[in-house]
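Worksheet for the structure shown next.
Just so you know, all these numbers are worked out from the coordinates, no wet-lab data involved. This one's a predicted model, so the numbers in the text were calculated from it and none came from an experiment. Note that we place each Cβ from the backbone using ideal geometry, even for glycine, and neighbour counts take in every protein chain shown.
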Amino acid sequence: MKLVETLKEDKMSRAVAINGSPRRQHGDTAMLLAPLMQGMIDAGCDVELSYAVDLKVKSCNCANMYCWYKKPGNCCLKDDMNLLYPRLWDADILILATPVYIPLPGEMQNIINRLCPLLEPLLETRGGRTRARFRKDVKIRKILLVSTGGWWEKGNFETVVTIARELAEDASVEFAGAVIRPHAFLMKQKGKLTSEGEIVVEATRRAGEELVQNGAISQETLDTISRPLIPESELRGVYNRLIPQQ
Ligand SMILES: Cc1cc2nc3c(=O)[nH]c(=O)nc-3n(C[C@H](O)[C@H](O)[C@H](O)COP(=O)(O)O)c2cc1C
């Protein structure tokens, strides 16, 4: 099984994307991540993609912060994080792409926990919060969140956005924002993108381009990506009709 796909090489900036959806390239998260990555590639960025479920990553369990206080920068666990670490070390942008799973799929959470060796074990207080920094040899300067959910409202993403933002702030890098798509499954009907779905996909491609070209994604683009596709009551009806009748 191919764990990492290199999509384009020999470009000026590099990004590593981790897709946490168990549905891999067939899922809603991939429906957003693929055009985003394409936009980044078109703008001249190298992008590498890994699916969290294809990586065998154990949960962080040494319980004594080995990677900080025993052997800084090294994790004592031996598994597929060793494939990911060198790529992360060398990336300018980290993209965490995930469905909302109250809050995260387990594989994605394991990977986030296992980022600890990338951090310098020196604590500082900034804005009243205890923070660290990425190690000097870690290039990551931005962390971007891409997330899809099934429910109607954007508020449903708050926990996942907080996790990604806290990670960026703990590591003292820029949180490059949250590309979020509520009720993402409605972008398709009978397996084909709807006209609204196409607008969202195009805006997501533009988001990737803007991130690389301008260093940031415009609010207008983010709003287009996350705009409502149907009224809330209608979506609730779609779900509630799925309940098996007794
Ligand atoms: C275990 C589980 C928990 C979920 N929890 C939420 C949730 O809290 N909020 C939400 O909006 N969607 C929730 N969903 C729906 C998924 O986030 C949504 O369908 C997403 O678009 C799936 O993306 P994927 O196809 O890339 O896996 C949940 C789905 C599963 C399977």
| field | Between 0 and 90°, nearest 10: helix 158-170 axis offset from the chain longest Cα axis | value | 20
| request: DSSP loop (so not H, G, I, E, B), at most 14 other Cβ within 10 Å: list which GluC sites (Glu not before Pro) in the stretch 120-192 pass both filters. | output: Glu153
| request: Using label points projected 7 Å from each Cα along Cα→Cβ, tell me how many nm separate Leu123 and Met65, to one decimal. | output: 0.6
| Which value, to two decimals, describes the C-alpha radius of gyration of the stretch 63-185 once divided by 2.2 N^0.38 Å? | 1.10
| query | Roughly what would the spin-label model give for His26 and Glu232, points 7 Å off Cα along C-beta, in nm? | reply | 3.3
| task | Quick one: dipole size for the stretch 169-208, taken about the Cα centre, charges +1 on Lys/Arg Cβ and -1 on Asp/Glu Cβ, in debye to the nearest 20. | result | 440
| query | List the trypsin sites (Lys or Arg not before Pro) in the stretch 60-121 that DSSP assigns to loop (not H, G, I, E or B) and whose Cβ has at most 16 other Cβ atoms within 10 Å. Which are they? | reply | Lys78
| field | Residues Cys62, Cys75, sorted so that the one with the fewest Cβ neighbours within 10 Å comes first | value | Cys62, Cys75
| request: Determine the dipole magnitude for the stretch 4-240: charges of +1 sit on the beta-carbon of Lys and Arg, -1 on that of Asp and Glu, nothing else is charged, the reference point is the Cα centre, and the result goes in debye to the nearest 20. | output: 680
| note | For the chain, the longest principal axis of the Cα atoms and the Cα long axis of helix 195-214 enclose an angle in degrees, to the nearest 10, of 30
| task | Out of all DSSP beta bridges with both ends in the chain, state the antiparallel percent to the nearest 5. | result | 30
| note | Among Gln189, Val173, Gly155, the residue whose Cα sits farthest towards the positive end of the charge dipole of the stretch 4-240, when +1 is placed on the Cβ of each Lys and Arg and -1 on the Cβ of each Asp and Glu, is Val173
| Given labels modelled 7 Å from the Cα in the Cβ direction, how far is it in nm from Trp151 to Leu242? | 1.4
